[in-house]
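Accompanying notes for the structure given below.
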Amino acid sequence: MAMTLRLSDEVESRFREVAAEAGLSMNSAAEAAIAEWMERRQREHVRSVAEDIAKRHARLMTRLGE
């Protein structure tokens with residue numbers, strides 16, 4: 001899927017430099033960054049849900065640990 005990404009001149013310039021230093025095209029660098037961001041959000045969501053469950057069932061989990 002084609003997509004247009006609008007960046008400020010400053011961000012675009014720095015992004016171009018960093019991608020080149022990494023030996024990546026700007027497209028490849030953007031795709032990798034987006035994929036990493038999505039994975040991080042998923043991990044954070046799972047962690048948050050697990051923490052909520054642990055809080056909600058703390059007494060039960062303590063009893064199971066005995």
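Every number here is computed from the coordinates shown, using simple stated rules; none is lab data. If you're wondering where the values come from, they're calculated on a predicted model, not measured in any experiment. Virtual Cβ from ideal backbone geometry, glycine too; neighbours counted across all protein chains shown.
Tabulated data
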{"quantity": "Odd one out for Ala58, checked against (1) more than 22 Å from the chain's Cα centre (by Cα); (2) surrounded by fewer than 10 Cβ atoms within 10 Å (Cβ to Cβ)", "calculated": "(2)"}
{"quantity": "Glu10 vs. criteria loosely packed, with under 10 Cβ neighbours inside 10 Å, on the phi < 0 side of the Ramachandran plot and in a helix (DSSP H, G or I)", "calculated": "yes"}
{"quantity": "The lone exception for Ala32 - which of (1) surrounded by 12 or more Cβ atoms within 10 Å (Cβ to Cβ); (2) among the hydrophobic types (A, V, I, L, M, F, W, C); (3) not in a helix (DSSP H, G or I) it fails", "calculated": "(3)"}
